[in-house]
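What follows is a short report on a single structure.
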Amino acid sequence: MTMITPKQENASRIGSVLVVGSGIGGMQAALDLANSGLMVHMVNDEPSIGGTMSRLDKTFPTGDCAMCMISPRMVESSRHPNIEMHTLAKVVGVSGHEGNFTATIEQKARYVDPERCTGCGACEPKCPSKVFNVFNQGLDKRKAIYALFPQAVPNTRAIDPAHCLYLTKNVCRKCEKACEANAINFEDQDKMIDIDVGSIILTPGLKTYQPEIRQEFGYGKLQNVVTALQFERLLSASGPCGGTVARPSDGAHPKKLAWIQCVGSRNAHNGNPWCSSVCCMYAAKQSIIANEHDNEVQSTIYYMELRAFGKDFDKYIEKAKNDAGVIYKRAMIAEIVEDPATRNLLVHSIGDDGRLVKEEFDMVILSIGFEPREDAAEFAKIFGIATDEYGFAQTSKLRPVETSRKGVYVAGTYQGPKDIPETVIQGSGAAAEAMALLGERRGTEVKEVVLPDERDIEDEEPRIGVIVCHCGTNIAGTVDVNKVAEMAAKEPGVTHSETIIYACAPDGQQKIRDLIKEKGLNRVVVASCTPRTHAPLFQDTIREVGLNKFLFELADIREQCSWCHMHENANATHKAIEIVNMNIAKTKRLVPVTCASVGVNHTALVVGGGIAGMTASLSLVDQGYGVHLVEKTNTLGGLLKNVRTNLEGDDVQAFLADVVQKVEKNPAIKVHLGSTVEKVDGYVGNFVTTLANKDTVGHGALLIASGGEEYSPVEYDYAKSDKIITQRELENLLADKGPENGKCYVMIQCVGSREDPNNYCSRICCQDALKNSIAIKEKAPDAQVVVIYRDMRAYGLKEDYYRRARDLGVLFFLYTPDAKPQVEVAEDTIKVTLEGKILGRELAINADYLVLSTGLRPQPDGDEFAKKFKLTCNIDGFLLEAHVKLRPVDFPSEGFFLAGLAHAPKNLEETISQSLAAAGRAGALLSHSSLTVSGVISKHNRDICMSCLACVKKCPFGAPFIDEDGRVSHNEVKCTGCGICAGVCPAKAYQVNYFRDDQILAMIDSVTEVHEY
Amino acid sequence: MAIDAEKIEQPKSPEKVRDVPADWKANIIAFACHYCAFAAADLAGVMRLSYPSNVKVVRLPCTGKLDQIYLLRAFERGVDGVFAAG
C-alpha cells in the first residue's frame, strides 16, 4: 500500500510517534498511526504487550472473551512493519518540542535473545526458581524464566534477574541447557537508546487499589476474600485453576458469592475519592459468568449506587438480576468475619430496617478500583506534563486527549477512570491529534519493502516442499516427526520433505527460501504450529523468493496435535500424518491469488453539523483531507447550542462559537446546510453520495454524527405549570436571572429514562443536576436544593462534584421506580411527596421549581436513516457499532465511521473524544493512495450464475448486487471471504479463494483415506 | 387427537445394527471457523487440554463457508461424526 504524497513543508517535524504503554489503548493508537504511514515506537515495561485487558476473562456487556479479542490486536501490533516494539523498557527522559522530541529509553536486559527464541517454552519446566505470578495476581507461581501469559507477544521468554539462580547466585544455567535454539544470553546488558519522534502518546494504564488497608474486609488475612482482578483470573480458562473457580482456602467450588463494591473508590479517607467507573459493570459480569460456569452459584452484590451508565449497561444489570439471579443489596459493609471451622465468611451490613444483618458466603470478592500507577508522579515529570491533584494527566474537558505539553497526548485510564471502549476511543483520538500534527510527514520514516516479481507457475506441475518442524521437543517430543516427513514424501505432488528444529527461527526461514530455489518448489507446506499466528510469517518468507503468498499452507501439528495428545505418541504421530497429508492434498490444488487494489478519494463525507460532526471535520482537514459536511438544519451547532456550561464550568457557548467559525472559515470543508443524504453508492475509498438537492459528492470515507434529541417530558405535569421545567430550562433561568435565596428547587432524576419503553440511562442527566445544583448553592446558599434520584451516576472524576454538592447542602433523596414521587400543582407551589427511605415515612416538599432531569433520545427518523446507509440500530434506536469493545467508532461496513449521540447518550467531553477517534480512524483509511483488498474473497462466475438472488439476500456485507443488466454481479471490494454466498448458491457460482470446494473436498478425501502406518 | 404409538411403524434400515467392537473409536471431522473455533482448538493445545486424537480439524474462513456437500462427502467417505463449530 502506498501513502498519499506528503508535502515537504514542516520538514523539521519527524514522521514518527512514541507510544508509551501497550495496553488496548496504546495498541489502538499505535495501529491507527502505523496504518496512516507514521512510524511508531511502542514502549512498555512488561515483557509482553497487552496491559490490563489481557488479564481479564470476559468483558461486559456482551460476555465476549477478552483474550480472543485482544490477541489478534497484539499479533497485528507485533507484525506491523511500521511498529517497533520495545518491551521491558521505559522512557527515562524527553527533550525537544512538538514535532521534534528525543526520548531516551532504558531497555532492560531480557537475557533471552528474541531473534533466536521461538517461544517453545522448553526452558520453563527446567527452571528451579518459583516466583509469585504477578499476572495471575499472586494466585500461583511462575518460574524465573517466563512468558507473562500463554499468548504473550512477543512470544519470547524473559529471565527475571531478581529470581534467576545464575544471575543471583551464579549457579544453575539449566534453561541454557534446555534451550535447543541457543537463545539464552546471560551476558545481556541493560541498554540506553535515543529515539527521535514528532509526537508522544501516553497510555501507561492503571494500578488497582490495594485493599489491605481496609482491615475490616480482612484481605490478606482471610484466604477466601479475593480482589475482583484475582476473581477474573479464577474465572479465566487460562487462569490458575483452568476456569473452574476454586476458592483459595481449600480448592472447593464456591456456591455462595458476595461482591463488595466501591472498595477503595468514593472514599477520601482510606481510599480514593473518585468513582472507578467500571466496577459496577464488572461485578455484574463476574456474577453472570460465575453463574454460567455453575448454575448453583448464588451471587449477592453489596453496592452504594448502581452506575450502569453506558450503552446497554442497564440491560446487562437486568440480565444479572433476572437470568443469573443476582441479588443487589444497597448497603455498606461494616466487617467480614471468618468462620474458623469452614473458612466461610460472615458479611456484616445494615439492612433496610436499620438492623445488623450477618450473611454467610463461601467467598467474598472486593470490587477494587483504579488509581494512577505508583510511578505516575515521576512519569509526569519525565514527560513534562501537568497532572491533576490525584495524579491523573491533566486535560481540558474540551480537549480531552491533549496534555499540558504541546505534541504530547494522553489516552485511557491515565486521563481518568474509564472502560475499554472509552480507552480505545481515546487511543484513536490521540492518534488523530498526532496525525494532524505530523500528517505532512506521513511515509517519511517507514521502511518500504521491495519484493521480487512473482514467479509464473501456471504451467508447472505441483512441486510441493514439506517442512516438518520439531519445535524443539514441543512437537518432536510427542510426534515422530521423521516418520511424518517420510510419509509426506510419499504423497503425490511432493518433491521434497524434511524436518527442521525450528521452522520459524531466522535460520529455518532461510532454509525454506534456499529449498524453494534449489529444488524448484512451487508450493510449500510447513507442519508446525497454528496458521493463526505463524502463516503470515511463512507467507512473507516464500513471497521474498518470488512465490505467491497463497501457495502456502500451515499444518497445525502442535496446538492441535502434540500439545493435546501428549503421552499418546503413536496416536499423535498418526494424527500428525493425517493433518499433514490433508494439507498436502489442499496445497496441491492451490493457485496464486492476486490481491486487487482500488484507488482512494481523499475526502470524507460527514453527516451531522453538531459538535461531533464539526470536531471530526476539523480533525480531518488538519490531517490533510477534504470534508463535505452535511447538516439537515440551517445552522451548525446541534444540541450544544442549548448548553451554557459543562459540569466542570467551561464556557460551552464560547467554545462552540469558536468551532463553528473555524468550520465555516476552513476552505477544505464544504458545508451543505439544510441538506440530507438521499443515497450512498460505491464502496470503501470510492463512495458516491447523492444529496437531497441531487448534488453528488465523491468521498472515500463516511462519518455519521447525526446526533440525537432532548426528551420533552409528558411526566410529572410538565405542561401544567411554568414552574415545572427541564434541567436545560433551569440552566437558562440560572444564567439569565440567577438563583433566588429562600426558594426551593426540587429535581427528579431519570424522567423518561431507565424505564420501558426507554430503558436506558441517558448518562448526562445526573451531571446536569449536579451542575445546576452547585450553581444554585454557590450563588444562593439559602436556596434549598433537593435531588430525588435512583442512582447518582457521577462516574469517574465527576464524583468530586457529587461530593461538592453534598458539602454545599444539596439534599439527595432516593426513590425507586415502583414508588415514584407524586407531584401536585398548587397555586404558588408544587407539592412533591415521596417515600422517605431513611425515615420510613412519607416526605413532603413544597417546591418553587420542579426540575425534571429529562434524558436524550435517538433521532426520531433513526430506522429510516439507518436503512439509507444499510446500518442497524440497537433496541433503543441508537446506531450499532462494529464491535462494542474494540471497534466503538467503526461500522461493520468498511469506510463507515460513527461519533456522538447517534452512537449512544454521552457528554461533551466523551463526544469530542469519540469524534476525534472517528476522524483518526477515517484519516488512517484516507491516507492511502490505494487499498489492497484481501485475497481470501469469493469469486463469482457469471457464466453459470442464474441470478436467483440467494447470495444478494444472504450476504451480510452487501457485496453481491443486481447489476445494470438485471443480473447479479459481485463487488469484490466489499467481500470479506466468509463464503456464505458459496454455501447458499444452488449453481455453485461462487468459489472462495484459498478455500475452494475442490480444495476442502480434497482435505476431506485425504483424511478419510484408510491407511496402515 | 391422540396418537396410538403402536400403530406407527418404525422405519427399518436395510442394514442390521452391528455390535460395536471394543476398540472402536469414532472418526470425526471438525469444521472450524478460523476466527473462533479454530482459535479455541489452538487454545486447548496451549493449555494442554487433552481430547481424543481421532478428531481432525478442517479450517474454514467462517462456518458460513460450510457447504452441505462437505458434510455429505464426509459421511459418504465413512466418518462417524461431523462437528461444525463457529
Requested in this report: Give me a single rounded figure for A:974-981: the average over its residues of other chain Cβ atoms within 10 Å of their Cβ.
Outcome: 4
Report task. Compute the Rg/Rh shape ratio of region A:611-765: radius of gyration over Kirkwood radius, all on alpha-carbon atoms. Result -> 1.06
Query - More than 13 Å apart - percent of Cα-Cα pairs taken over region A:295-343 - result: 68
Requested in this report: Can you list which of the trypsin sites (Lys or Arg not before Pro) found in region A:349-378 are DSSP loop residues with at most 14 other C-beta atoms within 10 Å?
Outcome: A:355
Query - Share of pairwise Cα separations in the protein assembly as shown, more than 46 Å, in percent - result: 37
Report summary line: Projecting the Cα atoms of A:393, A:609, A:619 onto the charge dipole of chain A, where Lys and Arg contribute +1 and Asp and Glu -1 at Cβ, the residue farthest towards the positive end is A:393
Requested in this report: Let me know the Rg and Dmax you get for region A:547-694 when you use only its Cα atoms, in Å.
Outcome: 28.0, 76
Query raised in the report: What do the square roots of 5 times the Cα gyration tensor eigenvalues come to for region A:906-1013, in whole Å, largest first, as semi-axes of the equivalent ellipsoid?
Result: 37, 22, 13
Query - Inter-chain Cβ neighbour average for residues A:998-1004, partner chain, 10 Å - result: 5
Requested in this report: Using just the helices of chain A, give the 222 nm mean residue ellipticity in deg cm²/dmol: DSSP H runs with n ≥ 4 each add -39,500 (n - 2.57), and the total is spread over all residues, rounded to 500.
Outcome: -8000 deg cm²/dmol
Query - Kirkwood estimate for region B:26-85, i.e. one over the average of 1/r between Cα atoms, Å - result: 11.9
Query raised in the report: According to the Cα gyration tensor, what semi-axes, each the square root of 5 times an eigenvalue, does the equivalent ellipsoid of region A:626-707 have, listed from largest to smallest in whole Å?
Result: 28, 13, 12
Query raised in the report: What is the dipole size for the protein assembly as shown, taken about its Cα centre, with +1 at each Lys and Arg Cβ and -1 at each Asp and Glu Cβ, in debye to the nearest 20?
Result: 900
Query - Principal axis box of region A:109-189, alpha-carbon based, largest edge first, Å - result: 31, 29, 23
Requested in this report: For chain A, find the longest principal axis of its Cα atoms and tell me its angle to the long axis of helix A:313-322, 0 to 90°, nearest 10.
Outcome: 90
Requested in this report: Could you check the simple spin-label distance between residue A:168 and residue A:100, using points 7 Å along Cα→Cβ, in nm with one decimal?
Outcome: 4.8
Query raised in the report: At each listed q (0.17 Å⁻¹), what is the log10 of I(q)/I(0) that the Debye formula gives for region A:360-511 modelled as equal alpha-carbon point scatterers?
Result: -0.98
Requested in this report: Collect residues whose amide H, placed 1.01 Å from N in the peptide plane, falls under 5 Å from the amide H of residue A:145; neighbours closer than 5 in sequence don't count.
Outcome: A:160
Report task. Report Rg(Cα)/(2.2 N^0.38 Å) for region A:148-222, keeping two decimals. Result -> 1.72
**Report entry** Using a Förster distance of 51 Å, the FRET efficiency for residue A:246-residue A:662 (Cβ separation, nearest 0.05)
**Finding:** 0.30
Report task. Calculate, for residue B:16 and residue B:85, the FRET efficiency according to 1/(1 + (r/R0)^6) with r their C-beta to C-beta distance and R0 30 Å; round to the nearest 0.05. Result -> 0.35
Report summary line: The equivalent-ellipsoid semi-axes of region A:793-847, taken as the square roots of five times the Cα gyration tensor eigenvalues and listed largest first in whole Å, are 25, 15, 11
Query raised in the report: Angle between the Cα long axis of helix A:420-438 and the longest principal axis of chain A, 0 to 90 degrees, nearest 10?
Result: 80
Query raised in the report: Using the alpha-carbon centroid of each, what span in Å lies between region A:167-243 and region A:64-143?
Result: 10
Report summary line: Note to self: C-alpha centroids of region A:253-285 and region A:901-944 sit apart, in Å, by 36
Requested in this report: Tell me the trypsin sites (Lys or Arg not before Pro) within region A:728-821 that lie in a loop according to DSSP and have at most 12 other beta-carbon atoms within 10 Å.
Outcome: A:737
Query raised in the report: Hey, what angle do you get for helix A:727-736 against the long axis of chain A, alpha-carbon based, 0 to 90 degrees rounded to 10?
Result: 60
Report task. Kindly give Rg over Rh for region A:464-588, based on alpha-carbon atoms, with the Kirkwood expression for the hydrodynamic radius. Result -> 0.94
Query raised in the report: From the phi of every residue in region A:373-390, what ³J(HN,Hα) in whole Hz does the Karplus formula 6.51 cos²θ - 1.76 cosθ + 1.60 yield, where θ is phi - 60° and glycine or proline is x?
Result: 5, 4, 8, 4, 5, 5, 4, 4, 5, 4, 8, x, 10, 7, 10, 7, 4, 9
**Report entry** Rg/Rg_ref, region A:718-854, where Rg_ref = 2.2 N^0.38 Å and atoms are Cα
**Finding:** 0.98
Requested in this report: Enumerate the calculated ³J(HN,Hα) couplings along region A:696-709 in order (Karplus 6.51 cos²θ - 1.76 cosθ + 1.60, θ = phi - 60°), each rounded to whole Hz, writing x wherever the residue is Gly or Pro.
Outcome: 10, 10, x, 7, x, 9, 10, 10, 9, 9, 7, x, x, 9
Requested in this report: Compute the FRET efficiency between residue A:177 and residue A:1010 as 1/(1 + (r/R0)^6), taking r as their Cβ-Cβ distance and R0 = 35 Å, and round to the nearest 0.05.
Outcome: 0.20
Requested in this report: From the P(r) of region A:845-929, can you give the percent of Cα pairs sitting at distances over 15 Å?
Outcome: 64
Report summary line: GluC sites (Glu not before Pro) in region A:358-430 lying in a DSSP loop, each with at most 16 other Cβ atoms within 10 Å of its Cβ, come to A:374, A:389
Report summary line: Using the Kirkwood radius over Cα pairs of region A:333-433, the Stokes-Einstein translational diffusion coefficient at 20 °C and 1.002 mPa s, in µm²/s and rounded to a whole number, is 127
Report task. Run through every distinct alpha carbon pair of region A:207-371 and return the Kirkwood hydrodynamic radius in angstroms, one decimal place. Result -> 15.9
Report summary line: In Å³ per residue, the alpha-carbon convex hull of region A:169-289 encloses 269
Report task. For region A:193-264, just run the numbers: alpha carbon Rg, then divide by 2.2 N^0.38 Å, N being how many residues it has. Result -> 1.60
Report summary line: Dimensionless Rg/Rh of region A:936-993, both radii on Cα and Rh by Kirkwood, sits at 0.90
Report task. Taking the Cα centre of region B:26-85 as origin, sum charge times position over the Cβ atoms of Lys and Arg (+1) and Asp and Glu (-1), and report the length of that vector in debye to the nearest 20. Result -> 120
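All of the numbers you see were taken from the coordinates with simple rules; none came from a lab. Every value quoted in this text rests on a predicted model; they were computed, and no experiment measured them. As a convention, Cβ positions derive from the backbone with ideal geometry for all residues, glycine included, and neighbour counts pool all protein chains shown.
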